[in-house]
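Enquirer: What follows is a structure written as structure tokens; I'll ask about it next.
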Amino acid sequence: MAEYTMILTEMQGRVAVIRLNRPKALNALCDQLMEELGQALRGYDADPGVAAIVITGSEKAFAAGADIKEMQSRTYPAVYLDDFIGKRWEAVTYVQKPVIAAVAGYALGGGCELAMMCDMIIAAETAKFGQPEINLGVIPGAGGTQRLTRAIGKAKAMDLVLTARMMDANEAERSGLVARIVPAADVVAEAVKIGEKIASLSAPAVAMAKEAVNRAFETTLAEGVKFERRAFQALFSTEDQKEGMAAFAEKRPPAFRNR
Ligand SMILES: CC(C)(O)CC(=O)SCCNC(=O)CCNC(=O)[C@H](O)C(C)(C)COP(=O)(O)OP(=O)(O)OC[C@H]1O[C@@H](n2cnc3c(N)ncnc32)[C@H](O)[C@@H]1OP(=O)(O)O
């Protein structure tokens with residue numbers, strides 16, 4: 001067990017910022033780090049004072065992937081019985097609140113996969129994305145072949161997964177992997193700004209919007225559209241829908257109460 005925490009956390013207004021904190025190992029995602037990240041995410045998701053979560057790394061690396069040295073001697077029975085990757089790694093996909101990845105430097109392997117599990121990626125100009133697992137004699141194991149392909153299409157996903165080539169921030173934005181590119185010094189501030197904007201909105205509407213967009217990756221168009229319509233209709237039961245529409249009609253800013 002390491003003697004220091006592998007994540008650092010702070011609140012910026014109603015936005016929780018989680019910083020991966022293994023700088024010497026380029027934030028390689030070891031078991032302890034993933035445990036700590038999962039605990040922090042579950043805590044913030046349950047905390048009514050938190051409206052959005054930002055996950056970030058260092059200037060040099062968001063995360064350079066799973067910890068290769070930790071996993072190199074693992075056996076098939078061990079990884080199977082431990083459900084290696086699954087249990088510990090998917091915590092972010094169960095968070096109801098928006099999660100934004102603020103990526104500077106390397107986001108490779110599991111680092112790229114972690115960023116893709118978030119709802120949005122804000123990239124620094126220095127960001128580099130890739131799935132280089134093929135260099136290690138394995139393949140992505142935390143959703144890389146699936147989420148990357150859905151995000152950027154088969155042609156580029158095959159290019160990255162089969163050759164281990166890295167993609168810079170501009171290519172990642174052109175390809176649809178990242179939402180915005182900003183100077184490296186501003187990447188966390190920009191993600192927090194987005195989180196603050198979300199915090200000013202109706203929490204039930206935000207949660208339903210997130211769920212509906214995510215549904216697009218899980219289902220057919222017809223089922224997705226039906227899900228969206230039901231969620232849209234359900235929001236007419238909230239005070240925030242009445243407030244939002246009254247505020248528009250009265251030409252004033254809305255004051256949402258998250259109910
Ligand atoms: C989740 C799954 C299932 O999908 C699997 C994976 O994620 S497998 C991992 C995929 N990632 C990689 O293969 C990237 C590995 N890292 C690199 O290729 C390079 O480190 C680099 C290109 C990101 C940066 O290179 P450089 O600037 O030359 O720095 P280094 O000297 O290589 O690294 C510094 C320091 O960090 C350690 N390090 C880096 N990445 C990892 C990692 N993924 N696991 C463990 N340790 C890592 C590296 O060993 C160095 O430490 P020391 O050896 O000097 O103590």
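Enquirer: Please indicate, with yes or no, whether at least one residue in the stretch 75-94 is touching a Ser or Thr at 6+ places or on another chain (Cβ under 8 Å) and of a type in the set (F, W, Y). Before you say what the answer is, go through the steps one by one.
Expert: Just the residues of the stretch 75-94 that are touching a Ser or Thr at 6+ places or on another chain (Cβ under 8 Å), to begin with: none.
No, that holds for no residue.
Enquirer: If you take the residues in the stretch 116-140 that are assigned to a strand (DSSP E or B) and away from the ligand (no atom under 12 Å from the Cβ), which one is most open to solvent (accessible area, probe 1.4 Å)?
Expert: Among them, the one singled out is M120.
Enquirer: Let me ask something else. What residue, of K226, K210, is under 27 Å from L114 (Cβ atoms) and of a type in the set (D, E, K, R)?
Expert: Exactly one of K226, K210 is under 27 Å from L114 (Cβ atoms) and of a type in the set (D, E, K, R), namely K210.
Enquirer: Pick out the one residue from A164, A127, A151, A142 that is closer than 26 Å to A52 by Cβ, touching a Gly at 6+ places or on another chain (Cβ under 7 Å) and free of Cβ contacts under 8 Å to residues at least 40 places away in the same chain.
Expert: None of the others qualify; the one that does is A151.
Enquirer: Residues of the stretch 62-107 being open to solvent by 70 Å² or more (accessible area, probe 1.4 Å), among the hydrophobic types (A, V, I, L, M, F, W, C) and within 14 Å of the ligand (Cβ to nearest atom), which ones? Walk me through how you get there before you give the answer.
Expert: So in the stretch 62-107, the residues open to solvent by 70 Å² or more (accessible area, probe 1.4 Å) come out as 68-69, 72-77, 80-81, 83, 87, 90, 94, 96.
The next check asks that each one be among the hydrophobic types (A, V, I, L, M, F, W, C); those that pass are 68, 81.
The one that is open to solvent by 70 Å² or more (accessible area, probe 1.4 Å), among the hydrophobic types (A, V, I, L, M, F, W, C) and within 14 Å of the ligand (Cβ to nearest atom): I68.
Enquirer: Let me ask another. Which condition number in (1) over 16 Å from the mean Cα position of the chain (by Cα); (2) in contact (Cβ under 8 Å) with a residue 12 or more places away in the chain is the one that A46 fails?
Expert: It is condition (2) that A46 fails.
Enquirer: If you take the residues in the stretch 1-55 that are polar (S, T, N, Q) and outside any helix (DSSP H, G or I), which one is surrounded by the fewest Cβ atoms within 10 Å (Cβ to Cβ)?
Expert: First, pick out the residues of the stretch 1-55 that are polar (S, T, N, Q): 5, 9, 12, 21, 27, 32, 39.
The next check asks that each one be outside any helix (DSSP H, G or I); those that pass are 5, 9, 12, 21, 27.
Numbers: T5: 12, T9: 16, Q12: 15, N21: 16, N27: 30.
Only one residue fits best here, namely T5.
Enquirer: Which of (1) touching a residue at least 24 places away in the same chain (Cβ under 8 Å); (2) open to solvent by 70 Å² or more (accessible area, probe 1.4 Å); (3) of a type in the set (S, T, Y); (4) assigned to a loop (DSSP other than H, G, I, E, B) is the odd one out, the single condition S58 does not satisfy?
Expert: With (1) touching a residue at least 24 places away in the same chain (Cβ under 8 Å); (2) open to solvent by 70 Å² or more (accessible area, probe 1.4 Å); (3) of a type in the set (S, T, Y); (4) assigned to a loop (DSSP other than H, G, I, E, B) applied to S58, the lone miss is (2).
Enquirer: Just to be sure before I move on: is E190 touching a Lys or Arg at 6+ places or on another chain (Cβ under 9 Å), open to solvent by 20 Å² or more (accessible area, probe 1.4 Å) and more than 13 Å from the ligand (Cβ to nearest atom) in the structure I sent?
Expert: On the way: touching a Lys or Arg at 6+ places or on another chain (Cβ under 9 Å): yes; open to solvent by 20 Å² or more (accessible area, probe 1.4 Å): yes; more than 13 Å from the ligand (Cβ to nearest atom): yes.
Spelling it out, E190 is indeed touching a Lys or Arg at 6+ places or on another chain (Cβ under 9 Å), open to solvent by 20 Å² or more (accessible area, probe 1.4 Å) and more than 13 Å from the ligand (Cβ to nearest atom).
Enquirer: Also, quick follow-up: Just name the residue that is most open to solvent (accessible area, probe 1.4 Å) out of those in the stretch 143-159 that are part of a helix (DSSP H, G or I) and within 12 Å of the ligand (Cβ to nearest atom). Please lay out each step first, then the result.
Expert: Of all residues in the stretch 143-159, those part of a helix (DSSP H, G or I) come to 144-152, 154-159.
Adding the requirement that they be within 12 Å of the ligand (Cβ to nearest atom) leaves 144-148.
Numbers: G144: 1, T145: 47, Q146: 102, R147: 84, L148: 1 Å².
The qualifying residue most open to solvent (accessible area, probe 1.4 Å) is Q146.
The values are calculated or read from the model by the stated rules, or taken from the named source; none is laboratory data. All values derive from a computational prediction rather than experimental measurement. Backbone-built Cβ (ideal geometry, glycine too); neighbour counts: all protein chains shown. Calculation scope for accessible area: heavy atoms of the full protein, side chains included, ligands and nucleic acids excluded. Shrake-Rupley method; radii C 1.70, N 1.55, O 1.52, S 1.80 Å.
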